[in-house]
Amino acid sequence: MSERRFFLEVLILKTYPVGETHRGLFVLSREKGTLSLIAFGAQSPRSRFRALLTPLRRVKVSVFHDPVKDSYKIEEAELLDSHEGLAHDPQRFFSAARWADLLRRVPSLETGSYDLLSESLRLACGVSQERLVRLEIQFLWRLAEESGLRPEFLNCDGCGATLFGSSVSFSTNPVAVFCPRCSSGHWTLSLKEVDYLTATAVLSLEDSLQAPTEGSSLEHLRSMAFDLWSQVLGQELPRYG
């Protein structure tokens, strides 16, 4: 296949109408990161793309790149995973939609975010509600790590003291961690919460959902992750669902 024509496996983050009959897609791929594509005629009731190219689906597409217009046209598409389980539960759907929206809005993402979202969507289709909260925590904190926003919890950014065996304070703007002595108006992470984030960071995403921690800690870590990404985006991360 020529350089102008190529295949991509993509996750559809968002779709939007282009004129009356065409459909634009904002997608995430492993090879090219985020990309804008256009499917001509996809808004038409008779188009084979109309039902196929919808948000949160994983598809394989044949793409033609027009270097003059710098546009990417979808010529063929094959469904790989519809993530059907998301459609049957509002909580699952809203969580997945929030992740897709976040990936669409975060600049300069590493291509590893494709695998993170793909695995998160797969797991979200079947986990319990309690593990869905754990999954969202892992998604948000792992994305922060890929984006260089996750602290290492090694040394205090105020005095340089070693952070070991105690609670820490976490600032989301700018991202920094502090010992109890330097703490001032930041989020506080208990020792158990620090241990949880550190231990699960080296586990597979699926295995991390089984790591023990208290429900109150889960909500606390989720709220901190929301605050972190709200600071990055410059606006509140949607909390629907």
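None of the figures in this text is laboratory data; all of them are computed from the coordinates on show. Note that this is a predicted model, so its numbers are computed, not measured. Every residue, glycine as well, gets a Cβ built from its backbone with ideal geometry; the counts of neighbours run over all protein chains shown.
Mean residue ellipticity at 222 nm, helices only, the chain: -10500 deg cm²/dmol; runs of at least 4 DSSP H residues each add -39,500 (n - 2.57), and the sum is divided by the number of residues.
Normalising the average separation of contacting C-alpha pairs (under 8 angstrom, six or more residues apart) by the number of residues puts the relative contact order of region 86-233 at 21 percent.
Note: the chain, Cα convex hull, 146 Å³ per residue. When the chain is treated as a Gaussian network with alpha carbon springs shorter than 10 Å, the biggest mean-square fluctuation among Ala211, Ala42, Ala124 belongs to Ala211.
To the nearest 10 degrees, how steep is helix 129-146 against the longest Cα principal axis of the chain, on a 0 to 90 scale? Approximately 90 degrees, to the nearest ten. Close amide-amide hydrogen proximity is noted between Thr172 and Trp187, each under 5 Å apart and 5 or more residues distant or on a separate chain (H modeled in the peptide plane; Pro and chain starts excluded).
Given R₀ = 25 Å, what would the calculated FRET efficiency be for Leu191 paired with Asn155, taking r from the Cβ atoms and rounding to 0.05?
The computed FRET efficiency comes out at 0.95.
Result for the chain in a Gaussian network model with C-alpha springs under 10 Å: among Ser216, Ser47, Ser167, the largest mean-square fluctuation is at Ser216. Here's how it looks for Lys14: its modeled amide H is under 5 Å from those of Phe26, which are all 5 or more places away or on a different chain.
Residues whose amide H lies under 5 Å from that of Asp81, counting only those 5 or more places away or on a different chain, are Arg58; hydrogens are built 1.01 Å from N in the peptide plane. Using the Karplus relation 6.51 cos²θ - 1.76 cosθ + 1.60 with θ = phi - 60°, the per-residue 3J(HN,Hα) values for region 220-229 come to 5, 5, 5, 5, 5, 5, 4, 5, 4, 6 Hz, with x marking Gly and Pro. In straight-distance terms, cross-link reach from Lys60 covers every one of the lysines whose alpha-carbon lies under 27 Å from its own, apart from those fewer than eight places away in the same chain; here that gives Lys14, Lys32, Lys69, Lys73. Among Lys14, Lys69, Lys60, which one shows the biggest mean-square fluctuation in a GNM of the chain, springs joining Cα atoms closer than 10 Å? Judging by the Gaussian network model, the answer is Lys69. Computed about the Cα centre, the dipole magnitude for the chain is approximately 760 debye when only Lys and Arg (+1) and Asp and Glu (-1) carry charge, each at its Cβ. Neighbour counting of Cβ atoms within 10 Å sorts the residues Leu163, Leu80, fewest neighbours leading, into Leu80, Leu163.
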